[in-house]
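Report on one structure; see the data block that follows.
The values are calculated or read from the model by the stated rules, or taken from the named source; none is laboratory data. What you are looking at is a predicted structure, and each value in this text was computed from that prediction instead of being measured. Cβ placement follows ideal geometry from the backbone for every residue including glycine, while neighbour counts extend to all protein chains displayed.
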Amino acid sequence: MGVTNSNKVIDRERIGCDGTLRVTLALTAAPDIISNPTDIVLVLDRSGSMAGTPLASMKAGAKTFIDIIEEATDGVKDGQIGSGSHIGIVSFASDAVADTQLITSVDTLKDAVDSLSAGGNTDHADAFTKAIQLFDFASSNAKVIVMFTDGNTTAGAPPAPVAAAAKAQGIIIYCIGLVGSDGVDVDTLNEWASDPDAAHVAITPNAADLEELFAELAANISKPGATDIVIDEVVSPDLVITNVLTPAKGSASMLDARSLRWTIPQLGVSASESAVLGFFVRHVSQTQGTKLVNESITYSDAEGNVVSFPAPTVTVECDVVVHPEECPVPVDLTVAGCSDAVSVDLGDIYLESQGRIVQLDVTIKNVCPGKRVALVVILTEVDENGVEHQRGMKAMTIPAHDYPSCRDVLVKCIKFVLPEDLDVSSGPTGCMCRQRDLRARFIAHDIDTDYRCCEPVVTI
């Protein structure tokens, strides 16, 4: 089945202007055999030429094949082939015998393999016939014959028409050949097997290689979910990646501040398997709104799986900042490189810039959209007897915001000038840097309201 699930989620829906969120990429892959149950008939040559090492190697290979299919179907070695798949055993020499039906018991299948003994001629046609008879063609399961032989046909009818009839009925045929004393005709195996030959025929002169060939064939039939996976992620221009966590599967690394690469050698080869990668991103823009987390994400693997990931969005909430007073406009001046002094007329300076300056910030809570706010700040200085002396009052209009819900509004840089000759705070006098004891009071209310006084209406 290949990749069965791909997902991308974030751990929060809203962040502040410089907020951070965690992004999680998830991928699940599974062998095809899990979602596409398969009925497999192992057709095993027990003719006289198989006596000794070839028979022992074939038995080891067949049992390895059974073990791999078992684990691939349900991910566990519990003695049962799962997910609706089955295996049957047919052996042949001068004639063919169905040693088992299509079953799920691993022990029964292995016992059937272990009971085989070599002797007699080689009847491939009868072997194909007995294998075909095991299949239930009313079943939607995929149907596979694995033919193992070490020699040419020496008994029975020509096998090629029987193999062709099997393929016509949708049966996939694999052939494993051992170059034995009778010789194996590769062209004949290619004729029997499904196309392409390179994917369905394997041959070896060495019996010791049989177990490996059976294992490779089992892996091919079960089909790994995905191998050589490469995922490239690029986050949106308003975000940067701050940390990439170590994934349990594969490895991940940042390519630059906005991109990363996650590679996984294989996933879901023998059972359904998931991989997860987490990383953190931070918002670096000063604009708010609903934004895509990633600019792009690409996926590739050796199997050519087509994979897409969701595109989550995050709502960014930047503070509403009001500057009711602008900073003084600077005057540019230049001192020549060889000049010891320079005289520049910087123009007029206003009285509010004299003395020390107190700059206040205040947050107005729960300001609803479309509502202007009247804000008053009263500043006093407290003398050693606790008596308050007025130092200034400012009234200002805070413009309405258009955010869809009520929110806090930060008012910054409310400035008061404290002339030194009005200093009444406690402590030694005559020191410009001594502590000033102040109190600030804020009064705020909505300006805009939908309330209207009742007006008299006269009807004549």
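Criterion applied to VAL344, VAL358, VAL329, VAL321 was being of a type in the set (A, V, I, L, M) and at pLDDT 80 or above, and the one residue passing it is VAL358.
Being hydroxyl-bearing (Ser, Thr, Tyr) and more than 30 Å from LYS77 (Cα to Cα) is the filter here; which residues of the range 265-310 pass it?
Selection gives SER285, THR287, THR290, SER296, THR298, TYR299, SER300, SER308.
If you take the residues in the range 94-130 that are under 18 Å from PRO37 (Cβ atoms) and aliphatic (A, V, I, L, M), which one is surrounded by the most Cβ atoms within 10 Å (Cβ to Cβ)? Within the range 94-130, the match that is surrounded by the most Cβ atoms within 10 Å (Cβ to Cβ) is LEU109. From the set of residues in the range 274-295 that are in contact with a strand residue (DSSP E or B) (Cβ under 8 Å, 6 or more places away or on another chain) and in a loop (DSSP other than H, G, I, E, B), which is surrounded by the most Cβ atoms within 10 Å (Cβ to Cβ)? Filtering first and then ranking leaves VAL293.
Note on the range 64-82: among residues that are surrounded by fewer than 19 Cβ atoms within 10 Å (Cβ to Cβ) and small (Gly, Ala, Ser), the one that is nearest to PRO159 (Cα to Cα) is GLY79. Beta carbons closer than 7 Å, at least 6 apart along the sequence or on distinct chains, pair a first residue in the range 182-196 that is in contact (Cβ under 8 Å) with a residue 60 or more places away in the chain and closer than 13 Å to THR149 by Cα with a second that is charged (D, E, K, R) and crowded, with 17+ Cβ neighbours inside 10 Å for ASP182/ASP150.
Please enumerate the residues belonging to the range 319-332 that are out of contact with any Ser or Thr (no Cβ under 7 Å at 6 or more places or on another chain) and either among the acidic types (Asp, Glu) or surrounded by 10 or more Cβ atoms within 10 Å (Cβ to Cβ) (or both). Show your work before the answer.
First pass over the range 319-332, keeping only residues out of contact with any Ser or Thr (no Cβ under 7 Å at 6 or more places or on another chain): 319-327, 329-332.
If the condition is that a residue be out of contact with any Ser or Thr (no Cβ under 7 Å at 6 or more places or on another chain) and either among the acidic types (Asp, Glu) or surrounded by 10 or more Cβ atoms within 10 Å (Cβ to Cβ) (or both), then ASP319, VAL320, VAL321, VAL322, HIS323, PRO324, GLU325, GLU326, ASP332 are the ones that fit.
The residue that is surrounded by the fewest Cβ atoms within 10 Å (Cβ to Cβ), among those in the range 427-460 that are at pLDDT 75 or above and either more than 29 Å from ALA395 (Cβ to Cβ) or among the hydroxyl-bearing types (Ser, Thr, Tyr) (or both), is TYR451.
One residue is enough: does the range 330-347 have a residue meeting the conditions outside any strand (DSSP E or B) and in contact with an Asp or Glu (Cβ under 8 Å, 6 or more places away or on another chain)? No, the range 330-347 has no match at all.
Flag: GLY386 does not match the condition of being at pLDDT below 90, surrounded by 10 or more Cβ atoms within 10 Å (Cβ to Cβ), of a type outside the set (D, E, K, R) and on the phi > 0 side of the Ramachandran plot. Taking (1) surrounded by fewer than 15 Cβ atoms within 10 Å (Cβ to Cβ); (2) free of Cβ contacts under 8 Å to residues at least 60 places away in the same chain in turn, ALA252 satisfies each apart from (1).
Give the residue, chosen from ALA199, ALA165, ALA138, that is in contact (Cβ under 8 Å) with a residue 12 or more places away in the chain and either farther than 20 Å from GLY61 by Cβ or of a type in the set (Phe, Trp, Tyr) (or both). None of the others qualify; the one that does is ALA165. Taken as a whole, the range 258-273 holds at least one residue that is at pLDDT below 90, in a strand (DSSP E or B) and within 23 Å of ALA26 (Cβ to Cβ). Applying the criterion of being in contact with a helix residue (DSSP H, G or I) (Cβ under 6 Å, 6 or more places away or on another chain) and among the basic types (Lys, Arg) to the residues of the range 34-72, the residue that is nearest to LEU178 (Cα to Cα) is LYS59. When the residues of the range 21-61 are filtered to those that are surrounded by fewer than 16 Cβ atoms within 10 Å (Cβ to Cβ) and part of a strand (DSSP E or B), the one that is nearest to the chain's Cα centre (by Cα) is ALA26.
Scoring GLY19 on the criteria (1) among the small types (Gly, Ala, Ser); (2) under 30 Å from THR100 (Cα atoms); (3) modelled with pLDDT under 95 leaves a single failure, condition (2). One residue alone among PRO247, PRO312, PRO265 is in contact with a Ser or Thr (Cβ under 8 Å, 6 or more places away or on another chain) and either exposed (fewer than 15 other Cβ atoms within 10 Å of the Cβ) or over 24 Å from ASN36 (Cβ atoms) (or both), and that residue is PRO265.
Select, from ALA199, ALA193, ALA219, ALA208, the only residue that is under 26 Å from PRO31 (Cβ atoms) and loosely packed, with under 15 Cβ neighbours inside 10 Å.
Details: ALA193 fails: loosely packed, with under 15 Cβ neighbours inside 10 Å; ALA219 fails: loosely packed, with under 15 Cβ neighbours inside 10 Å; ALA208 fails: under 26 Å from PRO31 (Cβ atoms).
On inspection, the qualifying residue turns out to be ALA199.
Considering the range 248-257, and only residues there that are under 16 Å from the mean Cα position of the chain (by Cα) and at pLDDT 95 or above, the residue that is nearest to VAL316 (Cα to Cα) turns out to be MET254.
If you check PRO312, PRO369, which single one turns out to be outside the structural domain of LEU27 (by TED's automatic domain parsing) and more than 20 Å from LYS415 (Cβ to Cβ)?
Values: PRO312 fails: outside the structural domain of LEU27 (by TED's automatic domain parsing).
The match here is PRO369.
Listed conditions (1) of a type in the set (Gly, Ala, Ser); (2) buried (at least 18 other Cβ atoms within 10 Å of the Cβ); (3) touching a Ser or Thr at 6+ places or on another chain (Cβ under 9 Å); (4) closer than 30 Å to LEU178 by Cβ are all met by ALA302, apart from (2).
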